[in-house]
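Data block below; observations after.
Every number here is computed from the coordinates shown, using simple stated rules; none is lab data. Worth saying up front: this structure is predicted, and the values here are computed from it rather than measured. Cβ sites come from the backbone with ideal geometry, for glycine too, and all protein chains shown count toward neighbours.
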Amino acid sequence: MIMDKKENERRTKWRFAIERDVRYKLLEGDAIVATGTGQTIDISSSGVAFLGQHVLVPGAFVELSISWPVLLDDSCPMRLVVFGRVVRCVNFANACTIDKYEFRTQSRVFRDAPTPIRSDGMLRRWADAVMRSKPLEARVPA
């Protein structure tokens, strides 16, 4: 489903209304300071809006892991993993940019308990690379 563009809409990308399970991690400094689950509201080629368990801090680095509605080879569940910056928060509705993304396979078995936080530091490495490549005034989105 495509969300209609309104006359006063400032966004240049079409947003697709899609509700999927999402897990997220928020990075501040060198530490993961929040993790949670929620539901996506809509997705475009440049951002994701989602409802979460926390009010996230604009400008912070975030990693989203979104259950993807299409199976790989009609049998293997997929996840869309997004790396970006939080741009807006209203109550528990958050929005972030999509600065980097990748598809990954996921477990075929549903787990009631949340999976442990991945400790490979991929979010931290990506955030460090962004911080090194951009001048200070360009780091926080407007």
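Could you tally the net charge around ILE66, taking each other residue with its Cβ under 10 Å from the Cβ of ILE66, Lys/Arg +1 and Asp/Glu -1? Computed value for this residue: +2. For MET122 and ASN91, the FRET efficiency from 1/(1 + (r/R0)^6), where r spans their Cβ atoms and R0 equals 41 Å, is about 0.90. The calculated FRET efficiency for LEU71 paired with LYS13, based on their beta-carbon distance and R0 = 35 Å, is about 0.85. Using the Cβ-Cβ distance between VAL57 and THR105 with R0 set to 35 Å, the FRET efficiency from 1/(1 + (r/R0)^6) comes to roughly 0.70.
Cα centroids of segment 11-34 and segment 53-76: 6 Å apart. One decimal place: the segment SER133-GLU28 gains 36.0 nm when fully extended, by the rule 0.36 nm per residue minus the C-alpha distance.
Note on segment 16-108: Kirkwood radius taken over Cα pairs, Stokes-Einstein applied at 4 °C and 1.567 mPa s, translational D equal to 98 µm² s⁻¹. Put in order of Cβ neighbour count within 10 Å, fewest first, the listed residues LEU56, LEU51, LEU123 become LEU51, LEU123, LEU56.
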